[in-house]
Amino acid sequence: MVQLLGFNDANLQMIEDRFDATMTVRGDQITIRGSQVEIVKIEKIFKELTYVLNKNGNLTPNDVDTVIDLVTVNGSTPEVPKEFPGEDADNAILFTKVGVIKARTAGQKAYLQHMRKNDIVFAIGPAGTGKTYLAVAMAVAALKNRDVTKIVLARPAVEAGESLGFLPGDLREKVDPYLRPLYDALDDMLSAEKLKSYMEKRIIEIVPLAYMRGRTLHNAFVILDEAQNASAMQMKMFLTRLGAHSRAIITGDITQIDLPQKTTSGLVQIQEVLKSIQGVGFVYLGTQDVVRHRLVKEIIDAYDRFHSNNGATVKEEQQTNGSE
């Protein structure tokens with residue numbers, strides 16, 4: 001009962017804050033007084049929390065908050081598998097309305113271990129390997145567990161064949177398309193009501209990388225996405241924004257750099273700069289870690305073969321021209 005209700009009844013308080021009903025605890029019994037609709041929902045919440053507690057051996061604020069959200073917003077309970085082995089529990093990051101977000105491949109499991117162990121982690125790999133999605137899930141879990149008080153998600157607004165100047169609308173509307181993948185990830189992990197509240201209170205911020213200059217972020221979980229399109233100076237600027245009790249995840253694909261040819265990618269350079277710094281982790285994901293449509297993996301492999309063969313052909317032509 002102590003674990004169910006939380007230290008100093010913290011879990012009970014979280015439930016009471018969301019309902020008008022009153023709850024009284026005597027021994028191992030909980031009495032609920034309120035409308036029939038609320039009583040049914042609260043009973044469902046306690047049943048689900050008891051299930052999670054029996055399976056995992058403990059309850060985190062994230063567990064409690066997630067169960068409350070799912071029952072109150074969707075009228076349903078989390079899609080927690082009936083059998084949730086210890087190994088899978090170790091790989092789980094967040095319980096959400098779309099199910100359990102967890103590391104699924106060997107590379108993703110290594111990524112998760114680095115995120116749990118290091119304050120700064122670089123995840124480098126092709127599209128579809130879960131770099132951004134798992135980082136956002138880890139940030140939301142940290143926020144719900146009260147490990148941090150703020151999430152900041154940043155992305156370089158670098159054109160990939162399209163100019164900002166030709167996009168319609170004001171600056172915010174021009175930049176929003178670059179930030180859309182971050183919104184999409186958050187939509188899967190938080191109810192619309194909760195996400196709106198966090199955004200309005202600036203507990204969650206989604207900003208272009210350029211807007212990070214001059215800031216110092218304390219007690220924050222900071223993510224830089226598409227970091228291959230950050231210049232060397234921008235990368236240094238981003239990393240030096242971290243304040244006390246903050247963490248950072250930097251993700252990118254060094255095969256998809258959209259910077260001008262003479263501009264050094266900060267993600268490429270940083271691998272050499274920080275390679276021996278303790279507390280900084282580097283994770284390299286590959287096509288074996290792709291968790292999107294099966295064709296995504298084949299498309300990436302096909303491009304790799306094409307560029308490899310094309311590079312070999314160019315080299316042979318240069319050697320032939322040189323011998324002539």
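The values are calculated or read from the model by the stated rules, or taken from the named source; none is laboratory data. Keep in mind that what you see is a predicted model, and the values were worked out from it rather than measured. Here the Cβ positions follow ideal geometry from the backbone for every residue, glycine too, while neighbour counts run over all protein chains shown. Areas reflect the complete protein model, heavy atoms only, side chains present, ligands, DNA and RNA absent. Shrake-Rupley method; radii C 1.70, N 1.55, O 1.52, S 1.80 Å.
Ordering 48-55, 118-125, 250-257 by mean Cβ neighbour count within 10 Å, with the highest value first, yields 118-125, 250-257, 48-55. Residue pairs exceeding 27 angstrom between C-alpha atoms, taken from Lys55/Lys201; Lys47/Lys194; Lys196/Lys236; Lys102/Lys196; Lys44/Lys201; Lys109/Lys201: Lys55/Lys201; Lys196/Lys236; Lys44/Lys201; Lys109/Lys201. Label positions at Arg33 and Val207, each projected 7 Å from the Cα along the C-beta direction, are separated by 4.8 nm. With just the Cα atoms defining each centre, how far is region 99-162 from region 226-297? Give it in Å. So the separation of the two Cα centres works out to 12 Å.
Placing Ile300, Ile223 in order of accessible area, with the largest value first and a 1.4 Å probe, yields Ile300, Ile223. Extension gain, Val273-Arg18: 0.36 nm per intervening residue step, less the Cα-Cα distance, totals 87.0 nm.
Modelled spin-label separation between Ala192 and Arg116, with each label point placed 7 Å from Cα along the Cα-to-Cβ direction: 3.5 nm.
For the pair Tyr183 and Ser308, the difference between a 0.36 nm per residue extended length and the Cα-Cα distance amounts to 41.5 nm. What the Cβ-Cβ distance of Tyr284 and Ala10 gives, at R0 = 41 Å and to the nearest 0.05, is a FRET efficiency of 0.55.
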